[in-house]
Amino acid sequence: MRPSGRKLDAMRAISIETGVTKHAEGSCLIRCGDTHVLCTATVEDKAPSFLKGTGLGWVTAEYGMLPRATNTRNRREAAAGKQSGRTQEIQRLIGRALRAGVDRVALGERQIVVDCDVIQADGGTRCASITGGWVALRLAVNKLIKAGAVISDPLVDHVAAVSCGIYAGQPVLDLDYAEDSEAGTDGNFILTGRGRLIEVQMSAEGATFSRDEMGKLLDLAESGIATLVEAQRAAI
């Protein structure tokens, strides 16, 4: 039995509210159960210096967690004077994932920065950030298309992410914190809307896993991604 009472293949309740900030070119608040992430996309008219003259655009991401997003207050990283290794790893993951769904030639020499700020955390914050980040990116690109700033749509497919793991000896979909903290195996699956794999992060947290178990987790992930993509479509 899962702590939440959900079935093994059941997602948490998903909602995506768009247009939640006034100034960003694209924004949304994604809620995956009790994990809530504010995602905003900012269009910058020039690409990073390492892409100057290449004709290629760039999508990057920044990630942060508010001090009381968790049970106890975490010190702001700005107060510590540097980002943690975990924060750097997650925002690089978000950037890589989102770029996989972008035609950078069609985007042109400009940069879109996707900011993902965790308001409340209950497991799966990086997955929620990727899923919501794509919606914010989609809305920002829609504005570029409407303004005639790009000729063709730079977004080639949806991008979404979900966690799966082995909890109490059973493969389960969309882990919350109670499951994630006790899971024998934990994985994050990032896929396109067409089911193409972008990235898989899997590790044996407390017990090794078999190839068959990995296959079952991927099956669960594909089902979860389909649900998330439908939520993205409904939001935009």
Examine the stretch 149-156 for a residue that is of a type outside the set (S, T, N, Q), over 29 Å from ALA106 (Cα atoms) and either in contact (Cβ under 8 Å) with a residue 40 or more places away in the chain or in contact with a Lys or Arg (Cβ under 9 Å, 6 or more places away or on another chain) (or both), and state whether such a residue exists. no
Given the criterion surrounded by fewer than 17 Cβ atoms within 10 Å (Cβ to Cβ), of a type in the set (Asp, Glu) and within 25 Å of ALA147 (Cα to Cα), identify the matching residue among ASP45, ASP34. ASP45
Those helices (runs of 4 or more DSSP H) lying entirely in the stretch 1-119 with at least 3 residues over 23 Å from ALA160 (Cα atoms) and aliphatic (A, V, I, L, M): 77-80
Six or more apart or on different chains, Cβ under 7 Å: which pairs go from a residue in the stretch 194-210 that's modelled with pLDDT of 95 or more to one that's part of a loop (DSSP other than H, G, I, E, B)? Could you list them? ARG194/ASP157; ILE198/ALA100
Looking at the stretch 115-139, I want the residues that are at negative phi and have a partner that is in a helix (DSSP H, G or I) and among the small types (Gly, Ala, Ser) with Cβ atoms under 6 Å, at least 6 apart or on another chain. Which pairs are those? CYS116/SER129; CYS116/GLY133; ILE130/ALA97; VAL135/ALA235
Going through (1) modelled with pLDDT under 95; (2) crowded, with 17+ Cβ neighbours inside 10 Å one by one, GLY169 fails only at (2)
Number of the exception - ALA221 against (1) buried (at least 22 other Cβ atoms within 10 Å of the Cβ); (2) free of Cβ contacts under 8 Å to residues at least 12 places away in the same chain: (2)
Those residues that are more than 21 Å from the chain's Cα centre (by Cα) and assigned to a helix (DSSP H, G or I), I need them from the stretch 131-163; list them, please. LYS143, LEU144, ILE145, LYS146
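The values are calculated or read from the model by the stated rules, or taken from the named source; none is laboratory data. Being a predicted model, the structure only gives us computed values, none of them experimental. Cβ sites come from the backbone with ideal geometry, for glycine too, and all protein chains shown count toward neighbours.
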